[in-house]
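Working notes, structure below.
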Amino acid sequence: MLKVGLTGGIAAGKSVVGEMFVSLGAHLVQADAIAHDLMQPGTEVYEDVVRHFGKQVLRRDGNIDRARLADIAFGSSGTPSRITELNRIVHPAVIRKQDQWMEEVGRGDPTAIAMVEAALILEAGAAKRFDKLVVVTCQSEQRAQRWAKRTNADLESARIEVNRRMAAQLPDEEKIKAANFVINNSGSFDATRKQVQQVFERLRRLSLNVPKSR
């Protein structure tokens with residue numbers, strides 16, 4: 001089995017690229033989906049988040065309001081960022097689940113490509129858990145445009161929010177230095193898909209040569 005990390009800055013198009021890899025035969029899990037499950041009421045992560053950030057992050061039904069939590073964690077003018085504090089709570093649990101998932105995939109298919117889509121692989125110090133790292137990039141203005149479309153926000157508000165969240169992430173230049181493969185998602189859908197196909201073919205060859213004991 002080949003363990004692959006799929007990462008990139010906010011609104012770079014990781015999910016779209018991930019879906020392309022899946023269509024070619026890769027197995028994929030999203031760290032964000034894992035984190036969502038881990039924040040359900042009654043879990044250890046849920047209790048830790050509420051203890052550190054207060055009941056102000058809860059909706060009336062008792063579930064965590066992830067948008068409100070993000071607002072507090074990323075900070076704003078006059079309010080310091082608490083993203084490191086949040087990451088200390090969430091990341092270890094997410095990483096454990098990712099590792100469990102990859103091991104399950106490997107047991108089912110020793111030659112599988114098990115891919116984890118996560119924005120903060122490098123920031124969390126988790127890159128060493130993967131055999132290969134794929135970084136998705138795009139132009140800065142495209143991030144804002146995509147975020148505006150995703151959240152139904154105006155473009156200026158989207159620029160502000162993207163910049164706020166990018167401040168908690170390594171710049172693309174640093175991610176690219178650590179990458180084994182880079183997919184530039186600044187062009188057309190077909191251009192991105194062609195890059196994904198090329199990378200997948202190389203990953204497929206590598207996965208077939210990974211020792212079965214992995």
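Rule-based calculations on the coordinates, nothing more; no lab input. Remember, it's a predicted structure, so these values are computed and weren't measured experimentally. FYI the Cβ positions are ideal-geometry reconstructions off the backbone, even for glycines, and counts take in every protein chain you see.
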Give me the one-decimal nm value for the distance between modelled label points at ARG193 and ASP154, 7 Å along each residue's Cα-to-Cβ direction. 3.6
For segment 2-209, just say rounded, prolate or oblate: build the C-alpha gyration tensor, square-root its eigenvalues into a ≥ b ≥ c, call rounded for a/c under 1.5, and beyond that prolate if a/b exceeds b/c, oblate if not. oblate
ASP61 versus TRP101: modelled label distance in nm, points set 7 Å from Cα along the beta carbon direction: 2.3
Read phi for every residue in segment 52-65 and hand back ³J(HN,Hα) as whole Hz from Karplus 6.51 cos²θ - 1.76 cosθ + 1.60, θ = phi - 60°, with x for Gly and Pro. 7, 10, x, 6, 5, 8, 9, 7, 4, 7, x, 7, 6, 7
Rounded Å value of the spacing that divides the Cα centres of segment 29-49 and segment 68-112: 9
Using just the helices of the chain, give the 222 nm mean residue ellipticity in deg cm²/dmol: DSSP H runs with n ≥ 4 each add -39,500 (n - 2.57), and the total is spread over all residues, rounded to 500. -17000 deg cm²/dmol
Which ³J(HN,Hα) values, rounded to whole Hz and listed in residue order, are derived for segment 103-110 from phi using the Karplus coefficients 6.51, -1.76 and 1.60 in 6.51 cos²θ - 1.76 cosθ + 1.60 with θ = phi - 60°, glycine and proline given as x? 5, 5, 4, x, 5, x, 8, x
Highest-MSF residue in the chain out of SER157, SER186, SER15 [GNM, Cα springs under 10 Å]: SER157
Hey, with R₀ at 41 Å, roughly what FRET efficiency would LEU208 and SER15 work out to, going by the Cβ-Cβ distance, to 0.05? 0.95
For LYS175, the lysines lying under 20 Å Cα to Cα, once residues fewer than eight places off in the same chain are dropped, come out as LYS3, LYS14, LYS128, LYS132
Long-range amide H partners of LEU28, meaning residues 5 or more apart or on another chain whose placed amide H is closer than 5 Å, are MET115
Relative contact order computed over the chain (Cα-Cα under 8 Å; 6+ residues apart), in percent: 37
Under a 5 Å amide H to amide H cut-off, with H placed in plane at 1.01 Å, what residues pair with CYS138 once short-range neighbours are removed? ASN185
To the nearest 10 degrees, how steep is helix 14-24 against the longest Cα principal axis of the chain, on a 0 to 90 scale? 30
